[in-house]
There are 2 protein chains.
Amino acid sequence: MMNEKRAVFVLRVGHRIGRDERASTHLCLAARALGANGIYYSGQKDEGIEESMRKVVERWGGDFFVKYVKEWKGFLKKWKEETGGKVVHLTMYGEEIGGALERIRRFPLVLAVVGGAKMPPEAFSLAEVNVSVGSQPHSEIAALAVFLDRYFEGEWERKGFVGARLRVKPNKNGKSFIDVE
Amino acid sequence: MMNEKRAVFVLRVGHRIGRDERASTHLCLAARALGANGIYYSGQKDEGIEESMRKVVERWGGDFFVKYVKEWKGFLKKWKEETGGKVVHLTMYGEEIGGALERIRRFPLVLAVVGGAKMPPEAFSLAEVNVSVGSQPHSEIAALAVFLDRYFEGEWERKGFVGARLRVKPNKNGKSFIDVE
């Protein structure tokens, strides 16, 4: 694991097949690239997203997972009890991230909850912190990205994805790959 | 304007109606919430996105715009000539943002280019900087979010959206609005 002192898991509530595939895929890719360990999602079970993320991990390494949970409130309560982790709900209605970050960074284990358009009130009461990345209409993908970057203080940049078949060689001028195999 | 010393515009290349509506809407919302002035897009002209962003601005304030450009390479060259601004291409193949940021922050005016799946090689050669937010398969929405947050050093948090009809009152426990009218 990239940083043994800190770990973030993501819970995405209310995924709908047809409408949310691309946004949820973006959310998974962002979570993985920016250092989260895995994503749980509720709503409709979607084999397509699970399969496409398995392929990403197979090629690009690491052990990021995507897991369906049927009933998110029960899952969240159990996760808190079993792990002792804290829940951070990303919402445009929460307190501002600038002020909340120091407190959140004291949590070594975080479940970051992101929702769809309408989150039930329980999401607010079950969370240790309700945090907003700009109190404006937003993208949950962007909010999660800023949250992860700040929580890890950019440490995801030094992350190695173990077992990658393919790596990008950072390049000022264009595409270059390192074929690991 | 939030920060008179710095301004970012976004160019999103290759929008496709049907496939990209939600991702492009997320990109617009993220760009606006995190301090960009407006977004240009090429590909297929999409009245739906333009209209939905007009409504967001009408309600939530500011002067963020969405404008279609027919031919993005010509637009980009002309933009550089006319404004003296610099082009930052966000791509998983570029140099890492950690190392490039200090250089980029010296540019007071930036056009951040984000692409679809396949960006033509000209995107790399026309840009002053090709920058990667993690050399991993990524979401361009997340990459733009991290870029804007770091470029503005979180200054978007102190941004006021002039002319808003509605504002969120940041709240630890749930939803609350301020009705400006």
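Quick notes on this one:
- Taken as a whole, the condition of being within 19 Å of the chain's Cα centre (by Cα), within 12 Å of another protein chain (Cβ to nearest Cβ) and polar (S, T, N, Q) does not apply to A:Thr83.
- Options B:Gly35, B:Gly48; residue that is small (Gly, Ala, Ser) and surrounded by fewer than 16 Cβ atoms within 10 Å (Cβ to Cβ): B:Gly48
- Output for the range A:31-49, where each listed residue is within 14 Å of the chain's Cα centre (by Cα), over 17 Å from A:Arg167 (Cα atoms) and within 14 Å of another protein chain (Cβ to nearest Cβ): A:Ala31, A:Ala36, A:Ile39
- Output for the range B:141-155, where each listed residue is within 8 Å of another protein chain (Cβ to nearest Cβ) and surrounded by 22 or more Cβ atoms within 10 Å (Cβ to Cβ): B:Ile141, B:Ala142, B:Ala143, B:Leu144, B:Ala145, B:Val146, B:Asp149
- Test result for A:Arg19, part of a loop (DSSP other than H, G, I, E, B) and out of contact with any Phe, Trp or Tyr (no Cβ under 9 Å at 6 or more places or on another chain): yes
- Flag if A:Glu58 is assigned to a helix (DSSP H, G or I), surrounded by fewer than 16 Cβ atoms within 10 Å (Cβ to Cβ), acidic (Asp, Glu) and within 13 Å of another protein chain (Cβ to nearest Cβ): yes
Table: residues versus (1) charged (D, E, K, R); (2) touching a Pro at 6+ places or on another chain (Cβ under 8 Å).
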{"residue": "A:Glu21", "(1), (2)": "yes, no"}
{"residue": "A:Tyr40", "(1), (2)": "no, no"}
{"residue": "A:Lys45", "(1), (2)": "yes, no"}
{"residue": "A:Arg54", "(1), (2)": "yes, no"}
{"residue": "A:Glu81", "(1), (2)": "yes, no"}
{"residue": "A:Lys86", "(1), (2)": "yes, no"}
{"residue": "A:Leu90", "(1), (2)": "no, no"}
{"residue": "A:Glu95", "(1), (2)": "yes, yes"}
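- Here A:Val133, A:Val168 are screened, and the one residue that is within 11 Å of chain B (Cβ to nearest Cβ), surrounded by 19 or more Cβ atoms within 10 Å (Cβ to Cβ) and free of Cβ contacts under 8 Å to residues at least 12 places away in the same chain is A:Val168.
- Scanning the range B:96-105 turns up no residue that is more than 16 Å from the chain's Cα centre (by Cα), farther than 17 Å from A:Glu157 by Cβ and free of Cβ contacts under 8 Å to residues at least 24 places away in the same chain.
- Scanning the range B:147-162 for residues that are touching a Gly at 6+ places or on another chain (Cβ under 9 Å), modelled with pLDDT of 85 or more and over 14 Å from B:Ala100 (Cα atoms) turns up B:Asp149, B:Phe152, B:Phe161, B:Val162.
- Which numbered condition A:Ser52 fails, given (1) under 15 Å from the mean Cα position of the chain (by Cα); (2) under 27 Å from A:Glu157 (Cβ atoms): (1)
- Listing of strands (runs of 3 or more DSSP E) fully contained in the range A:67-133 that carry 3 or more residues being under 23 Å from A:Asp46 (Cα atoms) and aliphatic (A, V, I, L, M): A:109-114
- As a summary of the residue check, B:Leu27 satisfies the conditions (1) at the interface with chain A (Cβ under 8 Å from one of its Cβ atoms); (2) part of a loop (DSSP other than H, G, I, E, B) except for the one numbered (2).
- Hits in the range A:85-96 (condition: modelled with pLDDT under 95 and either within 11 Å of A:Glu128 (Cα to Cα) or of a type outside the set (Asp, Glu) (or both)): A:Thr91, A:Met92, A:Tyr93, A:Gly94
The values are calculated or read from the model by the stated rules, or taken from the named source; none is laboratory data. Values in this document were obtained by computation on a predicted structure and should not be read as measured data. Counting neighbours? That spans all protein chains shown, and the Cβs are built from the backbone with ideal geometry, glycine included.
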